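Participant: Would you mind keeping the following structure in view while I ask a few things?
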Amino acid sequence: TPPELIRNFCIIAHIDHGKSTLADRMLQMTGVVSDRDMRAQYLDRMDIERERGITIKSQAVRMPWALSDNAYALNMIDTPGHVDFTYEVSRSLAACEGAVLLVDAAQGIEAQTLANLYLALENDLHIIPVLNKIDLPAADPEKFAAELANLIGGKPEDVLRVSGKTGQGVEELLDRIVEQIPAPRGDADAPARAMIFDSVYDSYRGVVTYVRMIDGKLEPRERIQMMSTRATHELLEIGVSSPEPVPTQGLGVGEVGYLITGVKDVRQSKVGDTITHHRKPATEALPGYTDPKPMVFSGIYPIDGSDYGDLREALDKLKLSDASLQYEPETSVALGFGFRCGFLGLLHLEIITERLSREFGLDLITTAPSVTYEVTTDTGDLVTVTNPSEYPDGRVAEVAEPVVKVGILLPKDYVGTVMELCQFRRGTLLGMEYLSEDRVELRYNMPLGEIVFDFFDHLKSKTQGYASLDYEPAGTQIADLVKVDILLQGEKVDAFSSIVHREKAYAYGTMMTERLRKLIPRQQFEVPIQAAIGARIIARENISAIRKDVLAKCYGGDISRKRKLLEKQKEGKKRMKMVGRVEVPQEAFIAALSGD
Ligand code: GTP
């Protein structure tokens, strides 16, 4: 297809605003999926199938659409919706010339929509504002058309009104995509340059790479090169998804499609990288490529130590399909053998732990999430700390912590409560804007470390679920941070060390010592539980000793019962961790970490 007849677009929408349903209607109306084969959420279904290794999820779908006697090819490119995957979103957007901004006509704009809209504007995309679900009785298109027009500039009447459910307005939307979104432009005679905007692991076909051609042409059977690594591969198959993969004789300027090279690991085909010919390579890679950088770290441990090998295998498998997952072995006094893992954000952490337990049947405990600190020592060395145990105790001159720019969208009634929460989390207010009469956007600078610790939960409960949140990295700042250690009878318990702001050290110390006092059983001797900053004790609790006469009673009685008891105790011992002389059931550590 010549570039003049191609339109590349994506749909930006908040979760549940109806992206999948609208995509279904488009597939149906363009005839890509016959009415007979139509099932609800066609593309989503493929996702589930892909998990079982049956089909490949279409990250992009090509649809024919005729307008004024011209046969156009529309490429709809899927964007991941969530904040943790901003980089992937930005690459998907970079593959498009336009975006449909889809907003629920009964809900209005949400934080996630806004964040992705800003990204789309940064990428110079043409925005088509659309209100969805206008068939709903609760829809208020007048109000939200004004909100949208106000946000992106333009007139409320220009905001399209559709229903993905009934199909109303969808043809008009397809027409508008052709009329308004610019055709792709590129140099057909230049050496090939294709941008990877997604890379999906498939258990049968290996890695399937989704690309947007910028310049030149790629053809089957030729040797290609990844510009970031210079690695070369043979192009086994190249084609378009519509939505099932259809091999073609190549892809030219502006086209969107998939390719297969036989690589087995998505790390060999990285999102954002540029693909070129091996023989006649392009001299310059496309802009915008970066390696995914983990922002949040956590220790993951099997609850049953004998599952360690299985955990390692499971992580190795997940890595094939997730280029941003990082991990290395780690040991902990309290938790035994496990892995230190790096994630793009909290949702990413949740997805991985969920998959580990759901797909691999592992029982796991994760330590409190931590962020990356840049510590300058008194001798001027720079130490990167992703685990409190690496903190250079007693030699710290200065600590820098990561900061994020946070956007929160909420009904105006909750502004006071949420501002209080943000302030408590050391946020600095950057701005506040009314999107409509009753909806407000709050913008804050906030330490990432304050967000990874149950901030979402607090935000949701304080606004009865009405607030939505988004964040993006915004550099680092120097802060007055300290490491708080928790000691059992003078021995450090590594899994509970935490780097916190000095003003919050005391609160953290008393919380953890109290928690552990309640959870750790009494011993033959008194056990002090202390919280300390370096050598200075800031909080203390005591577990008093078991009294002698109680013991005596225990050991009386008949001999067989006693043996049974002893055997039972032995079994229990396997799960016991020794911290110095103190015996602690692992459950106590786990309960203390999960923070009930
Ligand atoms: P995620 O895949 O979770 O991000 O959601 P989504 O944005 O793809 O939304 P989806 O298409 O799954 O729709 C969310 C809900 O809204 C579903 O229950 C749909 O049936 C419903 N829905 C979608 N479009 C319409 C519409 O035009 N009218 C009405 N009444 N309901 C709709």
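Participant: Give the peptides 301-308, 472-479, 4-11 in descending order of average Cβ contacts within 10 Å, highest first.
Facilitator: Sorting 301-308, 472-479, 4-11 by mean packing, highest first, produces 4-11, 301-308, 472-479.
Participant: Given the convex hull of the Cα atoms of segment 69-109, what is a quarter of its surface area in nm²?
Facilitator: The Cα convex hull of segment 69-109, projected and averaged over all directions, gives 4.4 nm².
Participant: What part of the accessible area of segment 450-534, given as a whole %, is carbon or sulfur when the probe is 1.4 angstrom?
Facilitator: Roughly 48 percent, rounded to a whole number.
Participant: Could you grab the relative contact order for the chain? Cα pairs under 8 Å, six or more apart, rounded to a whole percent.
Facilitator: 10
Participant: What Kirkwood hydrodynamic radius do you get for segment 106-200 when you take the inverse of the mean 1/r over all pairs of distinct Cα atoms, in Å?
Facilitator: Computed over Cα pairs of segment 106-200, the Kirkwood hydrodynamic radius comes out at 15.6 Å.
Participant: Whenever you get a sec, line up L593, L318 from highest to lowest accessible area (probe 1.4 Å, protein heavy atoms).
Facilitator: Most to least solvent-accessible, the answer reads L593, L318.
Participant: Also, I was wondering about something else. With Cβ to Cβ distances under 12 Å as the rule, what net charge do the other residues near T428 carry (K, R +1; D, E -1)?
Facilitator: In short, +3.
Participant: A further question follows. Could you give the accessible area per residue of the chain, probe 1.4 Å, as a whole number in Å²?
Facilitator: That works out to 46 Å² for each residue.
Participant: Rg to Rh for segment 467-524: what is it, with Cα atoms only and Rh by Kirkwood?
Facilitator: Result for segment 467-524 is an Rg/Rh of 1.14.
Participant: Looking at segment 441-531, which GluC sites (Glu not before Pro) are DSSP coil and have at most 12 other C-beta atoms within 10 Å of their C-beta?
Facilitator: Qualifying residues, ordered by number: E526.
Participant: In Å and whole numbers, how far do the C-alpha atoms of segment 370-484 stretch along each principal axis, longest first?
Facilitator: 55, 23, 18
Participant: Under 12 Å from the 7 Å Cα→Cβ point of S436, by amide nitrogen: which residues of segment 131-175?
Facilitator: It comes to 131-132, 138-151, nothing else.
Participant: Are any of the pairs K143/K405; K217/K264; K143/K412; K483/K504 more than 18 Å apart by Cα-Cα distance, and if so, which?
Facilitator: From K143/K405; K217/K264; K143/K412; K483/K504, over 18 Å: K143/K405; K217/K264.
Participant: Ok, one more. Over all alpha-carbon pairs in the chain, figure out the percentage whose distance exceeds 43 Å.
Facilitator: Counting pairs separated by more than 43 Å, the tail of P(r) holds 32 percent.
Participant: Within 10 Å, count the other beta carbons around each residue, average over each peptide in 377-389, 333-345, 93-105, and list them highest first.
Facilitator: Top to bottom by mean Cβ count within 10 Å: 93-105, 333-345, 377-389.
Participant: What residue among C10, V103, P585 has its Cα farthest toward the positive end of the dipole of the chain, where the charges are +1 on Lys, Arg and -1 on Asp, Glu, each on the Cβ?
Facilitator: Positive-end residue among those listed: P585.
Participant: Treating only the Cβ atoms of Lys and Arg (+1) and Asp and Glu (-1) as charged, compute the dipole magnitude of the chain about its Cα centre; round to the nearest 20 debye.
Facilitator: With only Lys, Arg, Asp and Glu charged at Cβ, the dipole is about 2640 debye.
Participant: Over segment 460-509, calculate the relative contact order: mean separation of alpha carbon pairs under 8 Å at least 6 apart, over the residue count, as a percent.
Facilitator: This gives 30 percent for segment 460-509.
The values are calculated or read from the model by the stated rules, or taken from the named source; none is laboratory data. Everything numeric here is computed off the predicted structure, so don't read it as measured data. Note that we place each Cβ from the backbone using ideal geometry, even for glycine, and neighbour counts take in every protein chain shown. Accessible surface is based on the protein model in full, side chains and every heavy atom, while ligands, DNA and RNA are left aside. Shrake-Rupley method; radii C 1.70, N 1.55, O 1.52, S 1.80 Å.
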